[in-house]
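Engineer: The following block contains the structure, expressed as structure tokens.
The values are calculated or read from the model by the stated rules, or taken from the named source; none is laboratory data. No experiment lies behind these values; they were computed from the predicted model shown. As a convention, Cβ positions derive from the backbone with ideal geometry for all residues, glycine included, and neighbour counts pool all protein chains shown. When the accessible area is computed, the model is the full protein with side chains, heavy atoms only, and any ligands, DNA or RNA have been set aside. Shrake-Rupley method; radii C 1.70, N 1.55, O 1.52, S 1.80 Å.
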Amino acid sequence: MSTEAGPTGRALAPQVESVYKIHPAIGIARLGNAPADQFFIGPEHPGTPVGGDAPGTPVPPYKHAGAVKPQAARFRIFEYRRVGGKLSVAREVTLAESDVVTIDWQVHLANRKASFHEFDGLAGEGTRPAKRRNEGLTVAELEIDPGPRSISGTDQEGVEFSKGTSANPGAETWPLYHGPSPPAGTPVIGYLGELRTDEAGRLLVIGGRGHSATNTGTRLNHYANNDGWFDDVSDGPVTARVTLKVAGSGGTSEQTVNAIGAWVLVGPPDFGPQLANVVSLYDLLYDLAARKLDLPAGEAVYDGPLKALAQINAELKVKGRPELHDHRPAFDLEVRPTLRHAIDAIWLFRPARHAHTTLGADASIEQVIDKPGAAGAAIRMLVFHRLRSPPGIVATVGLRDMPRLLGDDPYAPGHPRYRLALTRTQYLVLKRWAQGNFVASDGAAQAAARVLHGLRHLLGRAVQPASSGAPTPWGLDRAGLESCVGGAFYPGIEVSWQIRHKELFLEPFRISHAAKSTYWGETQTIRAGHFSRQMAVPWQADFRDCKMERQAQTGIEFGWWPGQRPDWVYPTKADAVAKKMARWHRPSTPPGIWPAGDPETPTHAEMVEHWYKLGFIVKDGPDFVESERNPHVP
């Protein structure tokens, strides 16, 4: 099969069957009230915090002039071809390639919270849902749906999801103020974000400004359901068409192909951007793929970067085994991340400060090793016996009280999801580790005679992919999801429990645009706004309420998502050295009290007004310390 050389020497694409995919399959953008041109690009390398790649701004700082910078999701297209019978990545497709004529992107963002059912835990997941929010009003009065937007070319900007800027303004829906102030006809939320492209024609999606408002004057009184209120969270599909020069027997022609689509989630800011939750959205979707999805046949990634996923899938999904018998997890890649994320909590969640520093002070655990063998067997098993078993697994040995986090049904003792557990895959991998059936750390040979003292020390040298070099498709899929919440879904931060339904996925980590809704009583195809509609309205109400809770009968403190919505933090470096924590959502001193009168916690309305003034938790030497808190809060 012949090819024709292009102007830069690259061969023009021959007329062969190729597959084009958009990555990340799920992109993560985050709200920010700083000007849109102050955006930064979200994580693109697994295990590596963002640093601020061009054309975005560098982070830290995460604020500009006291306002939070928006996090943009960047999307790329990759071409896959058959190599040795396996579908393999051939290249990234950009406008810098001589055979690429155009890349035409389309994104549809929407917010359908106000017209959806009230959030009531697991109601709607196989059982009748709660009543609808704002009953009696029409979709046009409740849904923020600006329609799709398109963009192409290099270094483009200014394509906004704002009123009247679509190809069909008459089809847009924008809930309106009723007047007199703001004037009648003014959108309550008038902007959901915008599209840009970078120097190579890749897509950038920037979300809303973190704005929430009411057109009824209704007072906020609930963590998730507040009629008359709206916010600028959103989500929706991402598609692309690529036009290529192709060489054939009749000469060179142009051919347009559709890339396999992606999805973008626009969520609240991540105030612990360099730390993670013990169960991330990546962990959840990895578990979904391992146990419930049919992996695509003949794709090289399952012989390489996702080989462990394929091995686990072969046991749990294909053979239907309840546990792992053959797969030996690699400590660095499969065990260490979960343990490291547990340690992350010591900087954001006060109860973890005592237990997680040694991972069990009650047993005087001060050591852990990263290689199989008898020396660490008792320690590994003690760690494992602290883990709460996931739904469907009954474990009777050990305390089984970790993680110290609330679950999907946190006020129903006895429910399988009363408290958060690791995913089944995480749990089974750690069980293999505890039993000594794992592949040692890469550094184990050099440290064979050395006991690694202190879990913080061990995990501090976690092997992370270098942030330099071109991102990979599978790395892009993972990087953003690692920063998102994988539980508890009450309702969550970026998405809620619908995301764990296998029927919604085309392949691992990729939502099918043709999927039918799995919500109770629905049969329609999912569309823009499908995932954000389950979330709290406005988002700040849940951000206010989902702080650490003390169980009345036991006095035990439980958290929600401290990796993104911190509970207790070290305000300064000196405080970190002295182990002196303070509430993240505290007011300034003086006066040391929120205007509504609570000395510790803002009201819902105060959180709506002042959310952006709170601090980000960033690395300062060996510690993580509060930074960029505005000079006066509120």
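Engineer: Does Phe543 meet the test of being within 24 Å of Asn226 (Cβ to Cβ) and of a type in the set (Phe, Trp, Tyr)?
Structural biologist: So Phe543 passes the test.
Engineer: State yes or no: is Phe119 buried (at least 22 other Cβ atoms within 10 Å of the Cβ), part of a strand (DSSP E or B) and not charged (D, E, K, R)?
Structural biologist: Here the answer is no, as Phe119 does not meet what is asked.
Engineer: Does the range 198-217 contain any residue that is in a strand (DSSP E or B), among the charged types (D, E, K, R) and within 21 Å of His513 (Cα to Cα)?
Structural biologist: no
Engineer: Something else: Could you tell me whether the range 408-430 includes any residue that is part of a strand (DSSP E or B) and either farther than 24 Å from Leu284 by Cβ or at pLDDT below 90 (or both)?
Structural biologist: no
Engineer: Look through Arg386, Arg404 and report the one residue that is under 22 Å from Pro322 (Cα atoms) and out of contact with any His (no Cβ under 7 Å at 6 or more places or on another chain).
Structural biologist: Every option except Arg386 fails the conditions.
Engineer: Then there's this: Anything in the range 219-264 that is among the hydroxyl-bearing types (Ser, Thr, Tyr), modelled with pLDDT of 95 or more and farther than 15 Å from Ser532 by Cβ? List them, or say none.
Structural biologist: Tyr223, Thr239, Thr243, Thr256
Engineer: Could you say whether any residue in the range 542-565 is modelled with pLDDT of 95 or more, in contact with a His (Cβ under 7 Å, 6 or more places away or on another chain), crowded, with 24+ Cβ neighbours inside 10 Å and closer than 26 Å to Gly124 by Cβ?
Structural biologist: No: the range 542-565 contains no residue that is modelled with pLDDT of 95 or more, in contact with a His (Cβ under 7 Å, 6 or more places away or on another chain), crowded, with 24+ Cβ neighbours inside 10 Å and closer than 26 Å to Gly124 by Cβ.
Engineer: Examine the range 161-171 for a residue that is open to solvent by 40 Å² or more (accessible area, probe 1.4 Å), more than 30 Å from Ala54 (Cβ to Cβ) and under 29 Å from the mean Cα position of the chain (by Cα), and state whether such a residue exists.
Structural biologist: yes
Engineer: Filter the range 31-66 for residues that are β-branched (Val, Ile, Thr) and not in a loop (DSSP other than H, G, I, E, B) and give the result.
Structural biologist: Across the range 31-66, the qualifying residue is only Ile41.
Engineer: While we're on this one: Given the criterion in a strand (DSSP E or B), open to solvent by less than 10 Å² (accessible area, probe 1.4 Å) and either among the small types (Gly, Ala, Ser) or in contact with a Lys or Arg (Cβ under 7 Å, 6 or more places away or on another chain) (or both), identify the matching residue among Ala114, Ala90, Ala73.
Structural biologist: Every option except Ala73 fails the conditions.
Engineer: Within the range 226-257, how many residues are open to solvent by 20 Å² or more (accessible area, probe 1.4 Å) and touching a residue at least 60 places away in the same chain (Cβ under 8 Å)?
Structural biologist: Summing the residues that are open to solvent by 20 Å² or more (accessible area, probe 1.4 Å) and touching a residue at least 60 places away in the same chain (Cβ under 8 Å) in the range 226-257 gives 11.
Engineer: Across the range 258-277, which residue is farthest from the chain's Cα centre (by Cα) among those that are open to solvent by 20 Å² or more (accessible area, probe 1.4 Å) and more than 30 Å from Thr243 (Cα to Cα)?
Structural biologist: Result: Gln274.
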